[in-house]
Amino acid sequence: MKEISQKIIDILKADTELGVPAENFFFGPPFTRNRTPFVYVSWAGGPIRLEALGRELWRHDWHVVVVDVAKQDDTAEKSVMDKVERIREDLRKNPTLDGLVRDSLPVSIEGETVTVGTDWGKVTQIIAGARLTLRCEVSKEA
């Protein structure tokens, strides 16, 4: 499973037009959000069923999360929307993740935006994030 997470990161890092610095890709959530935009990949798991001839089919999900922060209106959310659409396209172009999985497909995209401010209601930052769920089918020895 770790190899699949790393392959997703490698595919996204290779896209120089994604607009995320190479050092801002993480295997799981980072400890700090000071460097944005950032992307992290986390394994969510899923069902395992017996296939045939001593093999199992694992249909597991991975979450690809992109986060950006801005101090101006619309900037963070537009950035995140552009990036998650590009991530979707990058992953659709390589459905076997270079042979690590039988197949993969982005199955959902969700977004969230929050504001950070003071006690007096003044907004100082807008944080936007999106989570793409990539469903992978992996055939393994039982």
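Couplings 3J(HN,Hα) of the stretch 104-112, computed from phi: 8, 7, x, 10, 7, 9, 10, x, 8 Hz, in residue order, whole Hz [Karplus 6.51 cos²θ - 1.76 cosθ + 1.60, θ = phi - 60°; x for Gly and Pro]. Axis of helix 75-92 versus longest Cα principal axis of the chain: the two differ by about 10°, to the nearest ten degrees. In loop segments of the stretch 1-63 as defined by DSSP, the trypsin sites (Lys or Arg not before Pro) with at most 15 further C-beta atoms inside 10 Å of their C-beta are R33, R35. Enumerate by residue number the trypsin sites (Lys or Arg not before Pro) in the stretch 79-130 meeting two conditions: DSSP loop (anything except H, G, I, E, B), and at most 16 other Cβ atoms within 10 Å of the site's Cβ. Answer in residue order: K93, R102, K122. Modelled spin-label separation between Q125 and D103, with each label point placed 7 Å from Cα along the Cα-to-Cβ direction: 4.2 nm. Computed over the chain, relative contact order equals 26 percent, with contacts defined as Cα pairs under 8 Å that lie 6+ residues apart. Between helix 2-13 and the chain there is an angle of about 50 degrees, using the helix long axis and the longest principal axis of the Cα atoms. Gain on full extension, evaluated as 0.36 nm per residue between N94 and N24 minus their Cα-Cα distance, stands at 23.0 nm. Taking a sphere under 12 Å around the Cβ of M1 and counting the other residues whose Cβ falls inside, with K and R at +1 and D and E at -1, yields a net charge of +1.
Loop-located GluC sites (Glu not before Pro) in the stretch 42-142 (DSSP state other than H, G, I, E, B) with a sparse environment of at most 15 neighbouring Cβ atoms within 10 Å: E51.
Taking θ as phi - 60° and the Karplus parameters 6.51, -1.76 and 1.60, the scalar couplings of the stretch 130-142 work out to 9, 10, 9, 9, 10, 8, 10, 10, 10, 8, 9, 5, 6 Hz in sequence order, x denoting glycine and proline.
Every number in this text was worked out from the coordinates using simple rules, so none of it is lab data. Given the structure is predicted, the values throughout are model-derived calculations rather than measurements. In this analysis, Cβ positions are derived from the backbone assuming ideal geometry, glycine residues included, and neighbour counts consider all displayed protein chains.
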